[in-house]
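Report on one structure; see the data block that follows.
Every read-out reported here was derived from the displayed coordinates using simple, explicitly stated rules and does not represent laboratory data. No experiment lies behind these values; they were computed from the predicted model shown.
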Amino acid sequence: MNQHSAHYTRETNETRISVDLDIHGQGRIQVDTGLGFADHMLNLIAFWAGFDLQIKARGDLEVDAHHTLEDTGLCLGEALARIVADKSGLARVGWSRVPMDEALAEVSIDLSGRPYLVYRDAILPAQIFNQEKDLWREFFKSLAYRAGMNLHINYCYGRNGHHLLESACKGLGLCFRQALTLEQSGIRSTKGSLD
């Protein structure tokens, strides 16, 4: 892995988003999407991953939160993809099970370069903080596909939407901390390459 930080900016008719990411951070996190609950979840991911993260997002919230959170996932994924482009030395895989009161989520990632999302959210409430629960599937999908990673999230049990999402976001952060650990030289693959 040649670098540990990246900057990415995206501007469309729907959103303007800037991301600064350092995967070997010092705990400097500033997230402002205009969506307090989303800011809280993104802070959790960064904190548990050990990232420095700055996100400034402005979107068409007069429509709903969809474009803002989806595009934030794209931008964060792009910054991560730029950092791990060659994947040399990375542990590559991370796995976690995190409880939050009555809720438990299981998260697994593989920074394989092959994007895929498995998202088992049947138990999530239909609405979380006045937004449809599908908003979060779209965020995780955008993040996974732009970062080029396998991402599996399984909400095992729980009732409170905040608790369920919080357990998943903490779990994702822990997965990043594991998968981005430098363990060896070369690529962790029996093929000798990831493409």
List nothing, just return the count: lysine pairs in the chain, 8 or more apart or interchain, with Cα separation under 18 Å.
4
Determine the shape class of the range 65-141: with a ≥ b ≥ c the square roots of the Cα gyration tensor eigenvalues, call it rounded for a/c under 1.5, and otherwise prolate if a/b is greater than b/c, oblate otherwise.
oblate
Pick from GLY148, GLY94, GLY34 the residue whose mean-square fluctuation is largest in a GNM of the chain, springs joining Cα atoms under 10 Å.
GLY34
Restricting to the range 5-179, what percent of DSSP beta bridges are antiparallel, rounded to 5?
80 percent
Which of [x] 51, 39, 33; [y] 47, 38, 30; [z] 59, 32, 29 is the computed Cα extents along the principal axes in Å for the structure on display?
[y]
